[in-house]
């Protein structure tokens, strides 16, 4: 599975403005809802915040992968966001988060959901890849960086 199989290319945000966890989630949901014509944004936000209450999806090294399952989507879909200042996200290492992948899956899709999380996590283990994303200038550059990395075998 490749990230480009589920990343909504119109839901890439090179400059997240939010300064807290809920704000980031809302901003990412907004961009995903616009890009994918998702109607019930509040249901997505609620599902994501409920998931966060179980344990932070801030996995450390400046990475957050908020994710949830919901009836609001028919297939696995993701948004990407970059915070220039970093956001407190209750990360495992206590550090701010800069790189966000928001992942939404249909309720009945356990396999693809887990494969997507694993793919994103494996790619983001590469420090060089993370630094390229953090230094990117705009959405087009982010998309190019992700596409190049996604073409490699993991």
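The values are calculated or read from the model by the stated rules, or taken from the named source; none is laboratory data. All values reported here derive from a predicted model rather than from experimental measurement. In this analysis, Cβ positions are derived from the backbone assuming ideal geometry, glycine residues included, and neighbour counts consider all displayed protein chains.
Identify all residues within the stretch 43-85 that are more than 17 Å from residue 117 (Cα to Cα) and not in a loop (DSSP other than H, G, I, E, B); write none if there are none.
43, 44, 45, 46, 49, 50, 53, 82, 83, 84, 85
Residue-wise test of (1) in contact with a helix residue (DSSP H, G or I) (Cβ under 7 Å, 6 or more places away or on another chain); (2) modelled with pLDDT of 95 or more.
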| position | (1), (2) |
| --- | --- |
| 22 | yes, yes |
| 26 | yes, yes |
| 37 | no, no |
| 49 | yes, yes |
| 52 | yes, yes |
| 60 | no, yes |
| 66 | yes, yes |
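Residues are listed down the side, and each one gets a yes or a no for (1) under 22 Å from residue 110 (Cβ atoms); (2) surrounded by fewer than 16 Cβ atoms within 10 Å (Cβ to Cβ):
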| site | (1), (2) |
| --- | --- |
| 8 | yes, no |
| 18 | no, no |
| 21 | no, no |
| 33 | no, no |
| 44 | yes, no |
| 49 | yes, yes |
| 69 | yes, no |
| 77 | yes, no |
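So residue 38 clears everything in (1) out of contact with any strand residue (DSSP E or B) (no Cβ under 9 Å at 6 or more places or on another chain); (2) assigned to a loop (DSSP other than H, G, I, E, B) except one condition, right? Which one?
Just one mismatch for residue 38, condition (1).
Please verify whether residue 63 is within 21 Å of residue 136 (Cα to Cα) and within 11 Å of the chain's Cα centre (by Cα), treating the condition exactly as stated. So that I can check it myself, show each step before the final result.
Numbers: within 21 Å of residue 136 (Cα to Cα): yes; within 11 Å of the chain's Cα centre (by Cα): yes.
Taking the combined requirement at face value, the residue satisfies it.
So how many residues does the stretch 86-111 have that are touching a helix residue (DSSP H, G or I) at 6+ places or on another chain (Cβ under 9 Å) and not in a strand (DSSP E or B)? Break it down stepwise before answering.
Keep residues of the stretch 86-111 that are touching a helix residue (DSSP H, G or I) at 6+ places or on another chain (Cβ under 9 Å), which gives 87-90, 97-106.
Now narrow it down to the ones that are not in a strand (DSSP E or B): 88-90.
Residues meeting the conditions: 3.
Considering only the stretch 96-133, state which residues are under 12 Å from the mean Cα position of the chain (by Cα) and surrounded by fewer than 17 Cβ atoms within 10 Å (Cβ to Cβ).
Listed by number, the list holds a single entry, 121.
Restricted to the stretch 134-148, and to residues that are touching a residue at least 40 places away in the same chain (Cβ under 8 Å) and part of a helix (DSSP H, G or I), which residue is surrounded by the most Cβ atoms within 10 Å (Cβ to Cβ)?
Step one: filter the stretch 134-148 for residues touching a residue at least 40 places away in the same chain (Cβ under 8 Å), giving 134, 136-139, 141-143, 146-147.
Now narrow it down to the ones that are part of a helix (DSSP H, G or I): 134, 139, 141-143, 146-147.
Working: 134: 14, 139: 17, 141: 15, 142: 21, 143: 17, 146: 24, 147: 14.
For the stretch 134-148, the residue satisfying everything is 146.
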